[in-house]
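Since the structure comes first, as C-alpha coordinates, the remarks are kept for the end.
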Amino acid sequence: MNPKIEAARAALGEVRSGMKLGLGTGTTAAEFVRLLGEALRARTLTAIRCTCTSEQTAAQARHEAIPVFPLHELAPLDLVVDGADEIDDGLRMIKGRGGALLREKIVEIVEQQAARFIVIADESKVVSRLGVSRLPVEVTPFALEVLQRRFEAMGIDPLLRMREGTPLVTDEGNRIFDVLVPATEDIATLVDTIRDHAGVVETGFFPHEATEAVIASAGGIRWMRR
Ligand code: 5RP
(Lines give C-alpha, C1' and ligand atoms only; values in the text may rest on other atoms or scores of the structure.)
Protein backbone atom coordinates (compact mmCIF):
# COMPACT_ATOMS: atom_id res chain seq x y z
CA MET A 1 0.00 0.00 0.00
CA ASN A 2 1.37 3.41 -1.03
CA PRO A 3 0.06 6.05 1.44
CA LYS A 4 0.41 8.89 -1.10
CA ILE A 5 -1.78 7.02 -3.60
CA GLU A 6 -4.33 6.09 -0.93
CA ALA A 7 -4.60 9.71 0.27
CA ALA A 8 -5.00 10.88 -3.34
CA ARG A 9 -7.65 8.23 -3.97
CA ALA A 10 -9.63 9.33 -0.90
CA ALA A 11 -9.59 12.95 -2.11
CA LEU A 12 -10.68 11.84 -5.58
CA GLY A 13 -13.73 10.33 -3.89
CA GLU A 14 -14.83 13.90 -3.08
CA VAL A 15 -14.72 15.04 -6.72
CA ARG A 16 -18.00 15.22 -8.66
CA SER A 17 -18.54 15.66 -12.41
CA GLY A 18 -18.72 19.30 -13.46
CA MET A 19 -16.45 20.55 -10.65
CA LYS A 20 -13.82 23.27 -11.00
CA LEU A 21 -10.64 22.03 -9.29
CA GLY A 22 -7.32 23.43 -8.11
CA LEU A 23 -4.41 21.03 -8.55
CA GLY A 24 -1.48 21.15 -6.12
CA THR A 25 2.23 20.49 -6.57
CA GLY A 26 4.54 17.73 -5.33
CA THR A 27 4.70 13.95 -5.38
CA THR A 28 1.41 13.40 -3.51
CA ALA A 29 -0.50 15.93 -5.59
CA ALA A 30 0.96 14.25 -8.69
CA GLU A 31 -0.75 10.99 -7.66
CA PHE A 32 -4.06 12.87 -7.47
CA VAL A 33 -3.51 14.35 -10.95
CA ARG A 34 -2.68 10.90 -12.32
CA LEU A 35 -5.82 9.33 -10.77
CA LEU A 36 -7.95 12.24 -12.00
CA GLY A 37 -6.63 11.70 -15.53
CA GLU A 38 -7.55 8.00 -15.29
CA ALA A 39 -11.06 8.85 -14.08
CA LEU A 40 -11.60 11.31 -16.95
CA ARG A 41 -10.44 8.76 -19.52
CA ALA A 42 -12.72 6.12 -17.98
CA ARG A 43 -15.52 8.75 -17.96
CA THR A 44 -16.33 8.02 -14.31
CA LEU A 45 -15.85 11.81 -14.01
CA THR A 46 -16.81 14.27 -16.75
CA ALA A 47 -16.77 18.03 -17.41
CA ILE A 48 -13.94 18.66 -14.91
CA ARG A 49 -12.01 21.92 -15.35
CA CYS A 50 -8.76 22.57 -13.48
CA THR A 51 -6.28 25.30 -12.62
CA CYS A 52 -2.75 24.48 -11.45
CA THR A 53 -0.44 25.71 -8.70
CA SER A 54 2.73 25.31 -10.80
CA GLU A 55 4.01 24.96 -14.34
CA GLN A 56 5.14 21.45 -13.38
CA THR A 57 1.60 20.41 -12.45
CA ALA A 58 0.15 22.12 -15.51
CA ALA A 59 2.50 20.08 -17.70
CA GLN A 60 1.44 16.85 -15.97
CA ALA A 61 -2.26 17.77 -16.23
CA ARG A 62 -1.96 18.48 -19.95
CA HIS A 63 -0.11 15.19 -20.41
CA GLU A 64 -3.10 13.51 -18.70
CA ALA A 65 -5.46 15.39 -21.09
CA ILE A 66 -7.02 17.23 -18.13
CA PRO A 67 -8.53 20.58 -19.23
CA VAL A 68 -6.39 23.39 -17.71
CA PHE A 69 -7.51 27.03 -17.39
CA PRO A 70 -6.06 30.19 -15.84
CA LEU A 71 -7.23 30.75 -12.25
CA HIS A 72 -9.29 33.84 -13.08
CA GLU A 73 -11.40 31.90 -15.58
CA LEU A 74 -12.44 29.30 -12.97
CA ALA A 75 -12.40 30.99 -9.56
CA PRO A 76 -14.15 30.45 -7.25
CA LEU A 77 -13.13 26.80 -7.30
CA ASP A 78 -15.19 23.94 -5.86
CA LEU A 79 -12.21 22.07 -4.46
CA VAL A 80 -8.41 22.28 -4.23
CA VAL A 81 -6.28 19.20 -3.50
CA ASP A 82 -2.61 19.54 -2.54
CA GLY A 83 0.10 18.05 -0.36
CA ALA A 84 1.95 19.52 2.61
CA ASP A 85 5.37 19.28 4.24
CA GLU A 86 4.18 19.52 7.85
CA ILE A 87 0.67 19.53 9.38
CA ASP A 88 -0.17 20.13 13.03
CA ASP A 89 -3.33 19.04 14.85
CA GLY A 90 -4.91 22.46 14.20
CA LEU A 91 -4.57 21.90 10.43
CA ARG A 92 -1.88 24.56 10.21
CA MET A 93 0.80 23.68 7.67
CA ILE A 94 4.23 24.34 6.28
CA LYS A 95 4.31 24.00 2.50
CA GLY A 96 6.71 24.93 -0.28
CA ARG A 97 9.40 22.28 -0.37
CA GLY A 98 8.41 21.89 -4.02
CA GLY A 99 8.95 25.63 -4.55
CA ALA A 100 5.33 26.40 -5.49
CA LEU A 101 4.27 28.15 -2.27
CA LEU A 102 3.24 31.48 -3.79
CA ARG A 103 0.88 30.11 -6.43
CA GLU A 104 -0.34 27.53 -3.90
CA LYS A 105 -1.17 30.29 -1.42
CA ILE A 106 -3.03 32.27 -4.10
CA VAL A 107 -5.10 29.28 -5.24
CA GLU A 108 -5.69 27.90 -1.74
CA ILE A 109 -7.01 30.96 0.08
CA VAL A 110 -10.34 29.35 0.83
CA GLU A 111 -12.41 32.45 1.45
CA GLN A 112 -11.03 34.02 -1.74
CA GLN A 113 -10.68 31.27 -4.34
CA ALA A 114 -12.01 27.89 -3.21
CA ALA A 115 -14.89 26.37 -1.29
CA ARG A 116 -12.79 23.47 0.03
CA PHE A 117 -9.11 22.67 0.30
CA ILE A 118 -8.28 19.03 1.05
CA VAL A 119 -4.69 18.30 2.04
CA ILE A 120 -3.41 14.85 1.11
CA ALA A 121 -0.45 13.44 3.01
CA ASP A 122 1.08 10.43 4.62
CA GLU A 123 1.35 10.15 8.40
CA SER A 124 5.02 11.27 8.41
CA LYS A 125 3.83 14.83 7.66
CA VAL A 126 1.88 15.14 10.93
CA VAL A 127 3.97 16.94 13.57
CA SER A 128 3.37 18.18 17.11
CA ARG A 129 5.18 21.47 16.38
CA LEU A 130 5.52 23.17 12.99
CA GLY A 131 9.13 23.87 12.12
CA VAL A 132 10.67 20.40 12.32
CA SER A 133 12.00 21.17 8.86
CA ARG A 134 12.70 24.66 7.53
CA LEU A 135 10.17 27.31 6.56
CA PRO A 136 10.35 28.44 2.90
CA VAL A 137 10.32 32.22 2.36
CA GLU A 138 9.88 33.52 -1.20
CA VAL A 139 11.70 36.81 -1.87
CA THR A 140 12.21 39.16 -4.81
CA PRO A 141 15.67 38.88 -6.43
CA PHE A 142 16.32 42.61 -5.90
CA ALA A 143 16.13 42.19 -2.12
CA LEU A 144 17.99 38.88 -1.92
CA GLU A 145 21.27 39.96 -0.30
CA VAL A 146 19.79 42.52 2.11
CA LEU A 147 17.14 40.04 3.26
CA GLN A 148 19.79 37.38 3.72
CA ARG A 149 21.67 39.75 6.04
CA ARG A 150 18.47 40.58 7.98
CA PHE A 151 17.52 36.92 8.40
CA GLU A 152 21.06 36.10 9.56
CA ALA A 153 20.77 38.88 12.16
CA MET A 154 17.45 37.32 13.29
CA GLY A 155 19.27 34.00 13.89
CA ILE A 156 17.12 32.02 11.46
CA ASP A 157 20.02 30.83 9.26
CA PRO A 158 18.64 31.52 5.75
CA LEU A 159 19.67 28.91 3.18
CA LEU A 160 19.22 29.97 -0.43
CA ARG A 161 17.36 27.17 -2.26
CA MET A 162 19.55 25.83 -5.09
CA ARG A 163 18.76 23.70 -8.13
CA GLU A 164 21.49 22.20 -10.28
CA GLY A 165 24.13 24.54 -8.84
CA THR A 166 22.27 27.83 -9.27
CA PRO A 167 19.62 29.58 -7.13
CA LEU A 168 16.16 28.16 -7.77
CA VAL A 169 13.91 30.54 -9.73
CA THR A 170 10.23 30.12 -8.86
CA ASP A 171 7.37 30.20 -11.39
CA GLU A 172 6.92 33.87 -10.43
CA GLY A 173 10.62 34.68 -11.00
CA ASN A 174 11.54 34.88 -7.31
CA ARG A 175 14.06 33.10 -5.02
CA ILE A 176 13.50 31.02 -1.90
CA PHE A 177 15.26 31.07 1.47
CA ASP A 178 14.65 28.10 3.75
CA VAL A 179 14.85 29.42 7.30
CA LEU A 180 14.93 27.84 10.74
CA VAL A 181 11.93 28.07 13.05
CA PRO A 182 13.57 28.27 16.49
CA ALA A 183 11.86 25.94 19.00
CA THR A 184 11.48 28.88 21.38
CA GLU A 185 9.62 30.97 18.83
CA ASP A 186 5.90 30.90 17.94
CA ILE A 187 5.76 30.31 14.18
CA ALA A 188 2.89 32.78 13.61
CA THR A 189 4.84 35.56 15.35
CA LEU A 190 8.00 34.69 13.44
CA VAL A 191 6.11 34.77 10.13
CA ASP A 192 4.63 38.19 10.99
CA THR A 193 8.16 39.51 11.60
CA ILE A 194 9.47 37.98 8.37
CA ARG A 195 6.56 39.36 6.33
CA ASP A 196 7.17 42.86 7.72
CA HIS A 197 10.28 43.04 5.50
CA ALA A 198 9.83 44.69 2.11
CA GLY A 199 10.91 42.21 -0.57
CA VAL A 200 9.37 39.19 1.18
CA VAL A 201 6.68 37.96 -1.18
CA GLU A 202 5.20 35.02 0.76
CA THR A 203 6.04 32.31 3.27
CA GLY A 204 5.19 28.61 3.35
CA PHE A 205 3.14 29.00 6.56
CA PHE A 206 -0.49 28.11 5.77
CA PRO A 207 -2.34 28.72 9.05
CA HIS A 208 -5.98 28.57 7.97
CA GLU A 209 -6.17 27.55 4.30
CA ALA A 210 -6.94 23.82 4.64
CA THR A 211 -10.53 22.88 5.41
CA GLU A 212 -9.64 19.21 5.90
CA ALA A 213 -6.83 16.71 5.51
CA VAL A 214 -6.76 13.07 4.56
CA ILE A 215 -3.86 11.30 6.22
CA ALA A 216 -2.84 7.87 4.98
CA SER A 217 -0.72 5.27 6.77
CA ALA A 218 -0.26 1.50 6.70
CA GLY A 219 -3.20 1.38 9.12
CA GLY A 220 -5.56 3.09 6.62
CA ILE A 221 -7.05 6.53 6.08
CA ARG A 222 -8.06 9.15 8.64
CA TRP A 223 -9.66 12.54 8.06
CA MET A 224 -8.77 15.67 10.01
CA ARG A 225 -11.34 18.46 9.91
CA ARG A 226 -11.28 22.02 11.14
C1 5RP B 1 5.10 22.21 -3.05
C2 5RP B 1 4.41 21.79 -1.81
C3 5RP B 1 4.06 20.35 -1.68
O4 5RP B 1 2.69 20.24 -1.54
C5 5RP B 1 4.76 19.78 -0.48
O6 5RP B 1 6.15 20.02 -0.63
C7 5RP B 1 4.51 18.27 -0.35
O8 5RP B 1 5.17 17.59 -1.38
P9 5RP B 1 5.20 16.00 -1.42
O10 5RP B 1 3.81 15.53 -1.61
O11 5RP B 1 6.11 15.68 -2.59
O12 5RP B 1 5.81 15.52 -0.11
O13 5RP B 1 4.13 22.56 -0.93
O14 5RP B 1 5.47 23.56 -3.00
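The values are calculated or read from the model by the stated rules, or taken from the named source; none is laboratory data. Here the structure is a predicted model, which means the values were calculated and not measured. Cβ placement follows ideal geometry from the backbone for every residue including glycine, while neighbour counts extend to all protein chains displayed. The protein model used for the area step is the full one, side chains on, heavy atoms only, and it has no ligands, DNA or RNA in it. Shrake-Rupley method; radii C 1.70, N 1.55, O 1.52, S 1.80 Å.
Of the listed requirements (1) open to solvent by 70 Å² or more (accessible area, probe 1.4 Å); (2) at pLDDT 95 or above, Asp178 misses just one: (1).
Every residue in the range 116-158 that is within 16 Å of the ligand (Cβ to nearest atom), more than 30 Å from Pro76 (Cα to Cα) and crowded, with 20+ Cβ neighbours inside 10 Å, please. Hits for the range 116-158 are Gly131, Arg134. Inspection of the range 15-22 identifies no residue that is open to solvent by 70 Å² or more (accessible area, probe 1.4 Å) and in a helix (DSSP H, G or I).
When Gly26 is tested against (1) out of contact with any Ser or Thr (no Cβ under 8 Å at 6 or more places or on another chain); (2) within 16 Å of the ligand (Cβ to nearest atom); (3) over 28 Å from Thr140 (Cα atoms); (4) small (Gly, Ala, Ser), just one condition goes unmet, and that condition is (3). Quick check, is Leu91 within 16 Å of the ligand (Cβ to nearest atom), at pLDDT 95 or above and closer than 21 Å to Thr211 by Cβ? Yes.
Here are some residues: Gly83, Gly98, Gly26. Which one is on the phi > 0 side of the Ramachandran plot and crowded, with 17+ Cβ neighbours inside 10 Å? Working first, answer last.
On the way: Gly83 fails: on the phi > 0 side of the Ramachandran plot; Gly98 fails: on the phi > 0 side of the Ramachandran plot.
None of the others qualify; the one that does is Gly26.
Here Asp78, Asp82 are screened, and the one residue that is acidic (Asp, Glu), away from the ligand (no atom under 16 Å from the Cβ) and under 16 Å from Thr211 (Cα atoms) is Asp78. Taking Leu21, is it modelled with pLDDT of 95 or more, within 16 Å of the ligand (Cβ to nearest atom) and of a type in the set (A, V, I, L, M)? So Leu21 passes the test.
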